[in-house]
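Note sheet for the following structure.
Read-outs throughout are calculated quantities, based only on the coordinates presented, and are distinct from any laboratory measurement. Everything numeric here is computed off the predicted structure, so don't read it as measured data. Cβ coordinates were reconstructed from backbone atoms using ideal geometry, including for glycine residues, and neighbour counts include every protein chain displayed.
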Amino acid sequence: ITLRAMPQTEMQKESRSNMKTSPKEPKKFEVIILNDDFTTFEFVIEVMMVVFGKTQQQAEEIAEMTHIYQKATVGRYSLDIARSKVAKATGMAREEGFPLKFEIQ
């Protein structure tokens, strides 16, 4: 067996190329909306569209699922984005006097 000595610069290039890794996708968390008996259907739709960027149809579907099943998944976001959206939605609800609540899982 013949071993070939690899020049130092070639070894450095090879080790650098082996070290390159693509950045990992941040972990995603589900934002869950919880049903209550006071927040209006219309307000939930507005929050879904304004805060979570849902279409009218998506917002209506989420509102209906929340009513039927007592909760529904709004979307999956990185933790920082999930917290930010929940804070904004909760703030909107409190300004209007609604007890709307969310969970991040």
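General observations
- Remark: the ILE68-SER22 segment gains 12.4 nm on full extension, using 0.36 nm per residue and subtracting the alpha carbon distance.
- The stretch 28-105 shape via C-alpha gyration tensor axes, a/c threshold 1.5: rounded
- Spacing of the two label points (7 Å from each Cα toward its C-beta) at LEU79 and ASP36, in nm: 2.6 nm
- Annotation: amide H-H contacts under 5 Å for GLY75 (H modelled 1.01 Å from N, sequence separation of 5 or more, or interchain): VAL31.
- Computed extension gain for GLN56 through LYS88, at 0.36 nm per residue and net of the alpha carbon distance, reaches 9.6 nm.
- Shown in residue order for the stretch 75-83 are the 3J(HN,Hα) couplings computed by the Karplus curve 6.51 cos²θ - 1.76 cosθ + 1.60 at θ = phi - 60°: x, 10, 9, 5, 4, 4, 5, 4, 4 Hz (x for Gly and Pro).
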